[in-house]
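Step one of this worksheet: look at the structure below.
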Amino acid sequence: MNFEFTQEQVMLRDSVARFIQDDYSFDERQRIAQSDTAMSAEHWSTFAELGWLSIPFAEEHGGFGGSAVDVMLVMEQLGRGLVLEPYLATTLLFGGLLQNGGSAALQAEYIPQIIEGKCQGAFAYLERQSRYELADVLTSASAVDGGYRLDGEKVVVFNGANADHVIVSARTSGQQSEESGISLFLLSMNSPGVEKLGYRMMDGQLVANLVMKSVVVPAANRVGELDQGFALMQAVVMQATMAVAAEALGIMEQLNAKTLEYTRTRKQFGVTIGSFQALQHRMVDTFMACEQTRSLLYRAVCALTDGNEDPAATVHALKVMVDRAGKLVFGEAIQLHGGMGITDELDIGHYAKRLMMINTTFGNGDFHQARFNALRYNTYNE
Amino acid sequence: MDISFTPEDLAFRDEVRAFFAESYDAELQSRLASHEPQVFKQAVVEWQKRLHTKGWIAPDWPVEYGGTGWSATWQFIYETERGLAGVRNVVPFGLKMVGHVIYTFGTQAQKDRFLPAILASDEWWCQGYSEPGSGSDLASLKTRAVRDGDDYVVTGAKIWTTYAHLADWIFCLVRTSTEGKKQEGISFLLIDMKSPGVKVNPIASIDNYHSLNEVEFNDVRVPVANRIGEQDKGWTYAKALLAHERTAIAEVADSKRGLSHIRQLAAAEVNGGKSLMADPIFQSRVSDIEIELMALEFTELRVLAAVASGGTPGAESSLLKIKGTELQQAVQALAMEVAAYYQGVLPNALTAEQLGHSFGSKARQSFMYGRAATIYGGSNEVQKNIIAKAVLGL
Ligand SMILES: Cc1cc2nc3c(=O)[nH]c(=O)nc-3n(C[C@H](O)[C@H](O)[C@H](O)COP(=O)(O)OP(=O)(O)OC[C@H]3O[C@@H](n4cnc5c(N)ncnc54)[C@H](O)[C@@H]3O)c2cc1C
């Protein structure tokens, strides 16, 4: 039993932390958020140079062969820095799908490019009606000579406006919400028939809706087995859920630290507001919420790596806790900052907005609680 | 125990309902939602003038100053119908705040000068209480007013001043003495925003709107005739006003409407063949709020009944502010869950048709701005301190 990180892992974590400390101030972050692409190509190159983009990939493709622990450490730091660059979309989702289910040819073509920072990717899985159900897919893919023809629409595609390539979930057979009959396809954003509508979200990221009309994809661009795409996307999304939970933890830590600092300096009634017991207890609660989230995150990472425990139930539990703890933490952070907490100039509101966005990514707390209940208590329903 | 309405009450309720249905029209509502400050202001003025013409602009003012003279029950009915119809509250600074102070403590000349323009919405007011160093501890305020002949010379800064950029006048608490207790050296001044030396700096807020400002006073000359009541006694007048502000903040009917709107939106979110409203976890989220609102509605009635029978509201009125704002926030937070990831969409990003969604941006705006309801009007923490001390005797 030990919760220590290896020396290599500590170095990785510290390198991300140092980058944020030296090159990613809140002002810099806001400058990037307001730029046309809402990301910095220069910083992305730095990510490549420092090897962060290679972490989840196998060594045979030039990857680092990292584990869930490595991903967690990077994401927690990216959360602390409120980093906008699309590590989740390109590396963990687009790259993760290729690593876990892509053909040898697709892997050989795209993974090295991702690692070098030369390919921006996205995973398009949400539809107008789907909410959080990954299996709710109406976009269709029908077999045509030498490949497939895609028709349909995907919404809120992370990194969709900047991506060069996208992996799309589409129905090759079955009914709207059936798990079987879903297949995944990799296509270029420049493919004829793809229309892209980019827009900004409250957390500064640039997303897109994709409308696909008779888009033809070669058969070789299918990622994973025909009709069996659901299991692949589910597995990758589970890992990505852990990753955004780690990002959320980094954000919560920052919110707590900044709020604590503020209550130590802000004076009312001749004393610092941190001296009021009513506020002290609230900060103890947010501190405990953060520590409990860390424990559950570690538990989920262990379940994902050693398989001693059902990773699905543990990741559901983690996402529920991120939702509840996150809301408590950002709510208190704003409240305890008083009027200052309402200003756009302060970083508090921006951390809150990223946490809110994470809560709606891959399912909110209630969605995961229902899944957790189904896994744990289904026998009582019978 | 009897809470049933008389036939006259019911007839009045129907009249109010019909008036809102007819006068608060869709065209006006679209202008009220504008992000363009002058368009928004114009629309608000137009709406308030409609109420003025109807004679309903000041339900809580005495008849002699242009109020309705309604009973507590009728005021309750009016507020409830307003909330349920989704009709915006009047801008409070003139009608719900300084108006009360002027007719209660002002001179005849002040009443004649200011009250008609407040009632007609011809002059907009803003509230200059908070300062960078004085929020919860308002009485520590430092903006100075020094007597110079028939004028005061005012120097300092106010912050979080809602609508200062749209206002003609500001009512301010200023320090006229540093002797004795800090509450005792404060005076209440009415200041023309066009006075030389007044400067308004906008503050961007987390809801992506502009309502907040910082107001600087650099040697601003204010006639002594614009002082309310006595010099150094301003705190007394300000406190009388805060009580008014607090009960007005609960907005139970608005929350009820918000919740019924959520039920509609959630019912329309059909996923995997089932509507969100059929999801047992979501149902509990809705009923958690509904149950609290059912209670709060009666708490409000108890306060009104106490006031109507000549009593002063005690524990219940502080409770109204805390619970009312907590429930507003709960309703806003639930709307965000219905909007799911679309809560992140910024205003005017794409059309609703392109987006495939219509209410996410609006839900977020209400949610983000709504965070302030537990901060302004005396923060909920400060309210709890008041209850602990004044009610529980701790
Ligand atoms: C959207 C918005 C609109 C506003 N509009 C106006 C306006 O038009 N005019 C105007 O004058 N003001 C306005 N205000 C200001 C508002 O009244 C103040 O923000 C409020 O009084 C709190 O003061 P503060 O922001 O300085 O916070 P602080 O007083 O610094 O409080 C910070 C935190 O400490 C807590 N705290 C403070 N004292 C205690 C205590 N004794 N015990 C426990 N907790 C405590 C507070 O509850 C809060 O959580 C507005 C504020 C907002 C957010």
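None of the figures in this text is laboratory data; all of them are computed from the coordinates on show. Note that the structure is a prediction, hence the values are computed from the model and not measured. All Cβ positions, glycine included, derive from the backbone under ideal geometry; neighbour counts span all protein chains shown.
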Given contacts defined as C-alpha pairs under 8 Å and at least six residues apart, what's the relative contact order of chain A, whole-number percent? 15
Could you tell me the relative contact order of chain B? Use alpha-carbon pairs under 8 Å, at least six residues apart, and round to a whole percent. 13
Quick one: length gained pulling residue B:6 to residue B:236 fully straight, 0.36 nm per residue minus the C-alpha distance? 79.0 nm
Counting C-alpha atoms alone, how compact is region B:240-390: give Rg to one decimal and Dmax as a whole number, in angstrom. 17.8, 57
Please work out the Cα convex hull volume for chain B and give it in Å³ per residue. 163
Please average, across the residues of A:340-352, the number of beta carbons from any other chain that are within 10 Å of each residue's own beta carbon, and give a whole number. 4
Of all chymotrypsin sites (Phe, Trp or Tyr not before Pro) in region A:241-333, the ones in DSSP coil with at most 15 other Cβ atoms within 10 Å are A:269
Shielding of B:134-146 by partner chains, average beta-carbon count, 10 Å: 2
Tensor-based shape of region A:7-119 (alpha-carbon gyration tensor, a/c under 1.5 rounded, otherwise prolate or oblate): oblate
Can you count the Lys pairs in region B:124-233 with C-alpha separation below 21 Å, eight or more apart or on different chains? 11
Based on other C-beta atoms within 10 Å, arrange A:36, A:323 from fewest to most. A:36, A:323
Region A:193-268 shape via C-alpha gyration tensor axes, a/c threshold 1.5: oblate
Quick calc of log₁₀ I(q)/I(0), chain A, Debye, one scatterer on every Cα, no solvent, q values 0.07, 0.08, 0.12 1/Å, result -0.32, -0.42, -0.93
So which lysines pass the test for residue A:196, namely a Cα distance under 21 Å, with those fewer than 8 places away in the same chain ruled out? A:118, A:154, A:213
For region A:3-53, the Rg and Dmax computed from alpha carbons only, in angstrom: 13.1, 42
Please identify the GluC sites (Glu not before Pro) of region A:79-128 that satisfy two criteria: DSSP loop assignment and at most 15 other Cβ atoms within 10 Å. Which are they? A:116
Peptide B:335-348 - average C-beta neighbours from other chains (10 Å radius): 6
Note down the Stokes-Einstein diffusion coefficient of region B:349-394 in µm²/s, whole number, using a Kirkwood radius over alpha carbon pairs, 25 °C, and 0.890 mPa s. 183
For residue A:5, placing the label point 7 angstrom along Cα-to-beta-carbon and taking region A:239-269, residues whose amide nitrogen sits under 12 Å are A:250
Förster-model FRET efficiency, 41 Å R0, residue A:380 and residue A:261, C-beta, rounded to 0.05: 0.30
Using a Förster radius of 35 Å, what is the FRET efficiency between residue A:310 and residue B:204 based on their Cβ-Cβ separation? Nearest 0.05, please. 0.15
If I build a Gaussian network model for chain A, linking alpha-carbon pairs within less than 10 angstrom, which residue out of A:304, A:50, A:296 has the largest mean-square fluctuation? A:50
Using label points projected 7 Å from each Cα along Cα→Cβ, tell me how many nm separate residue A:285 and residue B:17, to one decimal. 4.0
Can you list residues whose amide H is under 5 Å from residue B:152's amide H, if they're 5+ apart or on another chain and H is modeled 1.01 Å from N? B:222, B:224
Full-stretch length increase - residue A:220, residue A:21 - with 0.36 nm per residue and alpha-carbon distance subtracted: 67.3 nm
Let me understand the protein assembly as shown better: what is its radius of gyration from the alpha carbons, and its Dmax, in angstrom? 29.0, 94
Using only Cα atoms, tell me the angle between helix B:72-84 and the longest principal axis of chain B; keep it within 0 to 90° and round to the nearest 10. 60
Indicate the gyration tensor shape class of region A:118-222 (rounded, prolate or oblate), computed on the Cα atoms with a ≥ b ≥ c the square roots of the eigenvalues: a/c under 1.5 is rounded; otherwise a/b larger than b/c is prolate and the rest oblate. oblate
Using a simple charge model, +1 on the beta-carbon of Lys and Arg, -1 on the beta-carbon of Asp and Glu, nothing else, what dipole does the protein assembly as shown show about its Cα centre, in debye to the nearest 20? 1720
Could you order the peptides A:240-250, B:7-17 from most to least packed, using the average number of other C-beta atoms within 10 Å per residue? A:240-250, B:7-17
Mind checking which lysines have their C-alpha under 24 Å from residue B:54, skipping anything on the same chain fewer than 8 residues away? B:41, B:96, B:111
Can you tell me the length gained on complete extension of the stretch residue A:34 to residue A:234, counting 0.36 nm per residue apart and subtracting the Cα distance? 68.7 nm
Nearest-0.05 FRET efficiency for residue A:138 and residue B:350, computed from C-beta distance (R0 22 Å): 0.65
With Cα coordinates, the longest principal axis of chain B makes an angle with the long axis of helix B:360-370, in degrees rounded to 10, of 40
Quick calc: nm separation of the 7 Å Cα→Cβ label points for residue B:123 and residue B:107 -> 1.4
Answer in debye to the nearest 20: the dipole magnitude of region B:1-122 about its Cα centre, from +1 Lys/Arg and -1 Asp/Glu charges placed on Cβ, is 460
How many nm separate the modelled label positions at residue B:46 and residue B:192, each set 7 Å beyond the Cα in the direction of the Cβ? 3.0
Treating the angle as unsigned and between 0 and 90°, give the value, to the nearest 10°, between the Cα long axis of helix A:7-23 and the longest Cα principal axis of chain A. 80
Highest mean packing first, using Cβ neighbours within 10 angstrom, the peptides B:222-232, A:166-176, B:374-384 sort as A:166-176, B:374-384, B:222-232
Å³ per residue of the Cα convex hull, for region B:7-103? 98
